[in-house]
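Asker: The structure's right below; bear with me while I get my questions together.
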Amino acid sequence: MPLKARHIPNLITGLRILLVGPFLWLLLEERYGPALWLFIIAGVSDALDGFLAKYFGWTSELGGLLDPLADKLLLLGAMLALGWLNELPRWLVALVVARDVVIVGGAVSYHLLIERFEAMPLLISKLNTLLQLLLTLAVIVHYGMAAQPVWLITGLIYLTALTTFWSGAAYVRQWGRRARSRRRIDARRDP
């Protein structure tokens, strides 16, 4: 299949996924300067593929799966690596991982037991992602370039924890209600 312009966002996303391994290796080697550059490149590529997909209408089902996967691999990997290096509290890393496990497990269960699952990011989830990005960036800059104020990193840790818990609970509530509603509809149809 020949490469077409509408495939460019997915190609950029695929390249972003390929950056995750080197980025994590650099973090674990505590080479924060180069890791920061890869993190910035990944962020710019995310903005670029999103712009191209929306502006030109080059969206696809594959892109709808790959883009959040690339973001999740980068952020979750960064959190795990920074936790491993004791640069983020392990309780925060555990909370972030637990939230993602609950959301993915719930999505798979909903898809298998109820109906096709269509992801709809909540506003609190977008805020959580932003805070995870800012926290990751602040920690990498702190250890690799210039010390950041303790209050900044501490504040980002607690805000990230709050929005992680809140967004996880919001997804459980929303999709739990949707599942119960769907079950009631199905029960009325098949008495």
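What follows is calculated from the coordinates using simple rules that are stated; it is not laboratory data. Since the structure is predicted, the reported quantities are computational estimates derived from the model, not experimental observations. Using ideal geometry, Cβ is built from the backbone for each residue, glycine included, and neighbour counts are taken over all protein chains shown.
Asker: Select one label from [x] 29, 16, 15; [y] 32, 24, 13; [z] 34, 30, 23: the one whose number is semi-axes √(5λ) of the Cα gyration tensor in Å as derived from the coordinates shown.
Answerer: Among [x] 29, 16, 15; [y] 32, 24, 13; [z] 34, 30, 23, the one derived from this structure is [y].
Asker: Using only the alpha-carbon atoms, how far is helix 61-84 inclined from the longest principal axis of the chain? Give it as 0 to 90 degrees, nearest 10.
Answerer: For helix 61-84, the angle is close to 50 degrees.
Asker: Please report the net charge: other residues with Cβ closer than 11 Å to the Cβ of Gly14, K and R +1, D and E -1.
Answerer: Once positives and negatives cancel, what remains is -1.
Asker: Could you give me the ³J(HN,Hα) list for region 132-141, computed from phi with Karplus coefficients 6.51, -1.76, 1.60 and θ = phi - 60°, whole Hz, x at Gly and Pro?
Answerer: Per residue, the Karplus-derived 3J(HN,Hα) values read 4, 4, 5, 5, 4, 4, 4, 5, 5, 5 Hz.
Asker: Please arrange Thr129, Thr154 by how many other C-beta atoms lie within 10 Å of their C-beta, fewest to most.
Answerer: Ascending number of Cβ neighbours within 10 Å: Thr154, Thr129.
Asker: Relative to the longest principal axis of the C-alpha atoms of the chain, give the angle of the C-alpha long axis of helix 32-55, reported between 0 and 90° and rounded to the nearest 10°.
Answerer: Value to nearest ten degrees: 40.
Asker: Which peptide among 170-176, 133-139 comes first, and what is the full order, when sorted by highest mean count of other Cβ atoms within 10 Å?
Answerer: Result, highest mean first: 133-139, 170-176.
Asker: Arranged by the count of other C-beta atoms within 10 angstrom, fewest first, what order do Glu61, Glu29, Glu87 take?
Answerer: On the way: Glu61 7, Glu29 12, Glu87 16.
Fewest to most other Cβ atoms nearby, the residues stand as Glu61, Glu29, Glu87.
Asker: Any lysines with Cα under 20 Å of the Lys4 Cα? List them, leaving off those in the same chain fewer than 8 positions away.
Answerer: Within the straight-line cut-off, Lys4 pairs with Lys54.
Asker: Just to be sure I understand: with springs between alpha-carbon atoms less than 10 Å apart, which residue in Trp151, Trp25, Trp37 has the highest mean-square fluctuation in the Gaussian network model of the chain?
Answerer: Trp151
Asker: I've got another one for you. For His111 and Val44, calculate 0.36 nm times their separation in residues minus their Cα-Cα distance, and state this gained length in nm to one decimal.
Answerer: Once the chain is fully extended between His111 and Val44, it gains 20.9 nm.
Asker: Ok, one more. Report, in deg cm²/dmol and to the nearest 500, the calculated mean residue ellipticity at 222 nm for the chain, where each DSSP H run with n ≥ 4 adds -39500 (n - 2.57) and the sum is divided by the residue count.
Answerer: It lands at -29000 deg cm²/dmol.
Asker: Measuring from a point 7 Å past the Cα of Phe56 along Cα-to-C-beta, which residues in region 1-35 have an amide N at less than 11 Å?
Answerer: Label zone hits: 4-12.
Asker: Quick check: Cα centre of region 2-17 to Cα centre of region 85-153, how many Å?
Answerer: That distance is 25 Å.
Asker: Rounded to the nearest 0.05, what FRET efficiency do Arg183 and Glu30 have when you use their Cβ-Cβ distance and R0 = 30 Å? Could you put the intermediate results ahead of the total?
Answerer: Working: r = 50 Å, r/R0 = 1.68.
For R0 = 30 Å, the calculated efficiency reads 0.05.
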